[in-house]
Each structure stands twice: as structure tokens, then as C-alpha cells.
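Visitor: Would you mind keeping the following structure in view while I ask a few things?
The values are calculated or read from the model by the stated rules, or taken from the named source; none is laboratory data. As the structure is a computational prediction, the values presented were derived from the model and not from experiment. What goes into the accessible areas is simple: the full protein's heavy atoms, side chains included, and nothing from ligands, DNA or RNA. Shrake-Rupley method; radii C 1.70, N 1.55, O 1.52, S 1.80 Å.
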Amino acid sequence: MHVGMIASVGFVVLGIVGLYYGADFLVRGGSNLAARLGLPTLIIGLTLVAYGTSAPEFVVSLNAALNGKMDISIGNIVGSNICNVALILGLSAAICPLPVKDVLIRRDMPVMLAASVLFALVFFCFGGVPRCCGMLFFAGSVAYTVLGIKFAEKDESSSMNEMSEQHMGVLASLWFIIIGMAALVAGSKSFVYGAVEIARTLGVSEAVIGLTLVAVGTSLPELATSIVAALKKECDIAVGNVVGSNIFNILFIMGATGSITSFSGFNSKVGVVDIAVFLGTSFLLLPMMSTSKRITRGEGAVLLLIYVSYTAWLICNA
């Protein structure tokens, strides 16, 4: 029993390492390749970096759904979005108050909130994400990306990516992308396997594992990006990274996963409280951003307290 538990934890740790470095390699290679092609920074961040940091959630959710672990797939998205707002933004704001750009409040926040509400309605109405809704979500992610690129092209302040100054050629960039994708696939399989075995050993539901361990593990790229951005005083990156990731988690990941697997009608252990925290933390961001155009250290502490309280509630009710 103890040997099996140690092995399961080992699989989880290996999975986290694979997911983190896989996403890092994917973003580095993709960003450098895009810069070599002459794309502006804003477009790179909107597409390659945003999709790249959300790649672990996508691979884990799809792999879990294909293997019949629906609660891990749903719990991963719900838990990751809660983790992104409450834990990642909370920690980032505690390090450095986070200024928020008007365009983020006017354009991206309404998209994130609308996507969150739509996901909650679909989940409660269908007990999952049927194929028709998955295709709708996926179409929404494509529309959001295309419109974002069009807006970015109109932004005259867009400049070339700093990575273009580095001496990484096209071939090296392609190798980074290939290695990153391979590490993501291997890491996701290792992570899901270890998490499921831990859940079975401890008698904990897969929904709780998906909402906590899997969610935090797949949010490591966003966590690293936001914390580093806050430490470097590039605080707008920290906020934009979280909002963009939450949008892609719902529209792209749930859209693609639902379109491929069409999982609905199962008795999910992801409940009303989980969805309430998922929606509540999202909507709480709007007044925090709007009041002083920044997320203060005090507000960051509130977000952290919410995450700690929610995690404690999950553990106590496991």
C-alpha cells in the first residue's frame, strides 16, 4: 500500500515536471518562431503564448475524458479557473499591486464572465458538455482569437517580440515545439494516472482530485508566468495571462474536448459549491479591477483567503 502510494506520488511529480517544461518549451519555441516570421508581440501573446500556457489543461482534460475520467476533466477546468483567479492573482497581487488596463475591463472581462456563465448553464442542464455545446464553445474560441488578432493589428504600439533578438533559428524553434508537445503528452498521462491512483487509495473522489491537485498542477505555467511578471513589475502581463487563460480553458479546452468526446449525462461529483466558487471568484474580479484600475495587496489577500478556505472545505468534505 505504502509502496503503491509512493509510486503514485512519483507519477504525479513526473507529470507536473513534464507539463511545466513541456509548456515552457512550447511557448519558447512558438514565440521565437512567430517572431522570426515578423509577427508583433501582442499577436504572439494573444495566440501562441495564451494557447501554450493552457496546453497542459487541454491535454489533461482531453486525456482524462478519453479514458472515461469525466470528473477529472470537468474538475480540472473548474479548479484551474478558480486557481488562476484566487491563488495566482492573489499571490501576484500580494507581491505587487496589479494595474489593470481599460481594454481588459471593457473587452476581455465580459467575454470571460459570459463564457463562465454559459459553461455553468450547460453543465447543470446537460450534466456535462454535449457535442453540440462543445462545438459552440470551440467556435467561440476561434471567434475570440480572430477578433483579438484584428484588434491587435490595429494597435500601433505593438512591437516585435524580444525573443527575436535571441539567436534561436527556425529549426531550433521547431525542435522546441516538438519536444514541448511530447513532454505535455507524456506529462499528462503520468499526472492523470498518478492522481487517479491516489484518489482510489485514499478513497477521495476524482472530482476533488481534479478540482485541487490536477488543477494546480496544470496551472503551473500560468502561475510561473504571473509570479515572474509581478516580480519584474510587468503586472499587466500577470492579469492578462489569467483572464486569457480562463477564457481559453472554457471556450477552447471544453469546446475541443466536448466536440471530440461528447460527455454528458453522467453523475458528476463537481457540485453547486464548486460552480458557485468558480463563478463567484470570476465576478469578484470585476469590481476589484474597476474601482481603482488595479488589484491591491489587500484584495490579493482576500483572493488567497478564498482559495485556502475553498481548498479546506474540499478536504473536509472529501
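Visitor: At 1.4 Å probe radius, can you tell me the per residue accessible area of the range 246-316 in Å²?
Guide: Value for the range 246-316: 42 Å² per residue.
Visitor: Which percent of the accessible heavy-atom area of the range 237-318 goes to carbon and sulfur, probe 1.4 angstrom?
Guide: Whole-percent figure for carbon plus sulfur exposure: 69.
Visitor: How many Å² of accessible area per residue for the range 100-143, probe 1.4 Å?
Guide: 47 Å²
Visitor: Taking only protein heavy atoms into account and a 1.4 Å probe, give the accessible area per residue of the range 171-212 in Å².
Guide: For the range 171-212, the solvent-accessible area averages 44 Å² per residue.
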